[in-house]
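Throughout, read-outs are computed from the coordinates displayed, never taken from laboratory work. The structure displayed is predicted, hence computed values, not measured ones. Note that we place each Cβ from the backbone using ideal geometry, even for glycine, and neighbour counts take in every protein chain shown.
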Amino acid sequence: MIKRFEQTEKLGVQPGRDRKRVTPVLLDDVKTAVDAQSQTSQFGGSSASANSRQTSYSYNTVRKVLRSNIH
């Protein structure tokens, strides 16, 4: 990559290849999973790993949504 940059003076990173945004659908799915799990949990809590299994999103995606959007 360094050699290509020295030759072309461009990084070659294509536009639109950044991180995926949190969509409203993803946010609603995680909120629904958290609500359902907190209703059925003995202590009223939920975990990111259980929510990721329930929603079929990755653990890191669910954790990011929980940290940034759901307080």
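With contacts defined as alpha carbon pairs under 8 Å and 6 or more residues apart, what's the relative contact order of the chain in percent?
Relative contact order of the chain: 24 percent.
Subtract the Cα-Cα distance of ILE70 and ASP28 from 0.36 nm times their separation in residues, and report this length gain in nm to one decimal.
Here the answer is 14.1 nm.
Add +1 for every Lys or Arg and -1 for every Asp or Glu among the other residues with Cβ under 13 Å from the Cβ of ALA33, and state the total.
Around ALA33, the surrounding residues sum to 0.
In degrees, nearest 10, range 0 to 90: what is the angle between the Cα axis of helix 24-40 and the longest Cα principal axis of the chain?
30 degrees
Compute the Rg/Rh shape ratio of the range 15-55: radius of gyration over Kirkwood radius, all on alpha-carbon atoms.
Over the Cα atoms of the range 15-55, Rg/Rh equals 1.15.
How big, in percent, is the set of alpha carbon pairs in the chain lying more than 15 Å apart?
60 percent
Output the peptides 43-53, 21-31, 2-12 sorted from most to least packed, where packing is the average of other Cβ atoms within 10 Å over each peptide's residues.
Result, highest mean Cβ count within 10 Å first: 43-53, 21-31, 2-12.
Does anyone have the angle between helix 59-68 and the longest principal axis of the chain? Alpha-carbon axes, 0 to 90°, nearest 10?
In the chain, helix 59-68 runs at an angle near 80 degrees to the longest axis.
Cα-based count: Lys pairs in the chain below 30 Å, eight or more positions apart or different chains?
Final tally of qualifying lysine pairs is 5.
Provide the gained length on full extension for the span ASP35 to SER58, in nm with one decimal, where the gain is 0.36 nm per separating residue minus the Cα-Cα distance.
Taking 0.36 nm per residue and subtracting the Cα distance, the gain is 6.5 nm.
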